[in-house]
Amino acid sequence: MHIFISGSLAIDRIMSFPGKFQDHILSDKIHILNVCFLVDGLEERFGGTAGNIAYNLALLGNRPTVLSCVGKDFDRYRERMQELGLPLDGVRVIEDDFTASAYITTDQSDNQITAFNPAAMRNPSQFDVASIDPGKSLAIVSPGNVEDMVELPRKYRALGIPYVFDPGQQITALTGTQLNEALDGAAILATNDYELEMVMKATKLDKAHLLEKVGAIVTTLGEHGSSVLRKGEAIQIPVCPAEPVADPTGAGDAYRAGMLFGLAQGRDLTEACKLGAVCGAYCVEKAGTQEHFFTPESFESRYQATFGPL
């Protein structure tokens, strides 16, 4: 089963400030704030929700299609995707703009100042989903271009393509009406626990009423694992131990990759979410969203050590 991932492809530019922001911000002058922080170099990392999910699926041996927009500076990211064997036919290049990017500066107290430029992500992917074989395909709508997040669920629903709806950090960019419509007929609503509360507030629906719209609600719960909620059934998935825990950023995307991989193999949702838990554990052990690595063999061994025979 082929997986289609809509969402963002972004470049994270990470900087470290060898001091504390608070020492350079005058509380009584915030209304005329004008500060400059001299940082210790810059580290560039590949990211974006679609890119992170695709990276983990590639490690698992799957080659999904990413539906996203990028800019004129996409060359290095393109080379990386090609090295991973990921198809590029769903990636649209906007030649007069840049690839979406986050500029993140962290001080010695782990406080962060982030600026995010959506750039090319302001454009829809324009991928022709009518060419997708519904019987051999699975899709996820992850945070990215808002038009894609509204239109793709409509198209998947009309074509009978099962899809996961993962609104994430774009929940506030969508209206309650848009969220309600995107959820209609989704196979799975995937969020963390805080995002689920935001979805319920925006749609004015509790979990029982959300389950009238979606087949299942999968919720990640950080160090407490995850949960699968279906009509008449609630299952807790334990966490896969991570040693050490370096950075939780990207763990949710990794989890979704493992879950999608399991579903594409025909596994039941509970087992697929256990695969997601293992994938997420690898991610949190490294700083960055695509800095970890595993082989299908080491992944299976870790799964068995945590959950038993695969």
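Structure values in brief
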quantity	calculated
So L152, is it under 21 Å from the mean Cα position of the chain (by Cα), in contact (Cβ under 8 Å) with a residue 12 or more places away in the chain and within 30 Å of A246 (Cβ to Cβ)	no
Region 1-11, subset in contact with a Pro (Cβ under 9 Å, 6 or more places away or on another chain) and in a loop (DSSP other than H, G, I, E, B), residue farthest from F261 (Cα to Cα)	S8
The one condition in (1) surrounded by fewer than 17 Cβ atoms within 10 Å (Cβ to Cβ); (2) modelled with pLDDT under 95; (3) under 30 Å from P118 (Cβ atoms) that E243 fails to fulfil	(3)
Long-range neighbours under 6 Å by Cβ, at least six apart or interchain, first residue under 15 Å from V91 (Cβ atoms) and at pLDDT 95 or above within region 108-128, second among the charged types (D, E, K, R) and in a helix (DSSP H, G or I)	P124/E147; P124/D148; S125/D148
Matching entry among P124, P118 (being of a type outside the set (V, I, T) and touching an Asp or Glu at 6+ places or on another chain (Cβ under 6 Å))	P124
Residue tally, condition surrounded by fewer than 19 Cβ atoms within 10 Å (Cβ to Cβ) and part of a loop (DSSP other than H, G, I, E, B), over region 142-163	2
Every pair of residues 6+ apart whose Cβ atoms lie under 9 Å, when the first sits in region 92-104 and is without any contact (Cβ under 8 Å) to a residue 60 or more places away in the chain and hydrophobic (A, V, I, L, M, F, W, C) while the second is assigned to a loop (DSSP other than H, G, I, E, B) and surrounded by 18 or more Cβ atoms within 10 Å (Cβ to Cβ)	V93/G71; V93/F74; I94/G71; I94/N123; F98/G71; F98/F74
Residue count for region 189-233, restricted to those that are without any contact (Cβ under 8 Å) to a residue 60 or more places away in the chain, surrounded by 12 or more Cβ atoms within 10 Å (Cβ to Cβ) and outside any helix (DSSP H, G or I)	18
Residue satisfying condition, being buried (at least 18 other Cβ atoms within 10 Å of the Cβ), over 26 Å from A254 (Cβ atoms) and either in contact with a strand residue (DSSP E or B) (Cβ under 9 Å, 6 or more places away or on another chain) or of a type in the set (K, R) (or both), within set D97, D166, D133	D97
Residue among I53, I30, I14 that is outside any loop (DSSP other than H, G, I, E, B) and either over 30 Å from L86 (Cα atoms) or of a type in the set (S, T, Y) (or both)	I30
Number of the condition not met by Q236 [criteria: (1) in contact with a strand residue (DSSP E or B) (Cβ under 8 Å, 6 or more places away or on another chain); (2) part of a helix (DSSP H, G or I); (3) under 30 Å from R302 (Cα atoms)]	(2)
Candidate set from region 110-126 (those that are surrounded by 12 or more Cβ atoms within 10 Å (Cβ to Cβ) and in contact with a Phe, Trp or Tyr (Cβ under 8 Å, 6 or more places away or on another chain)); member that is farthest from D73 (Cα to Cα)	N111
Any hit, region 179-186, residues being buried (at least 17 other Cβ atoms within 10 Å of the Cβ) and under 27 Å from F307 (Cβ atoms)	yes
Pick from region 248-285, criterion closer than 19 Å to E195 by Cβ and either outside any helix (DSSP H, G or I) or acidic (D, E) (or both), ranking: nearest to the chain's Cα centre (by Cα)	D253
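The values are calculated or read from the model by the stated rules, or taken from the named source; none is laboratory data. Everything numeric here is computed off the predicted structure, so don't read it as measured data. Ideal geometry is used to build each Cβ from the backbone, glycine not excepted, and the neighbour counts take in all protein chains shown.
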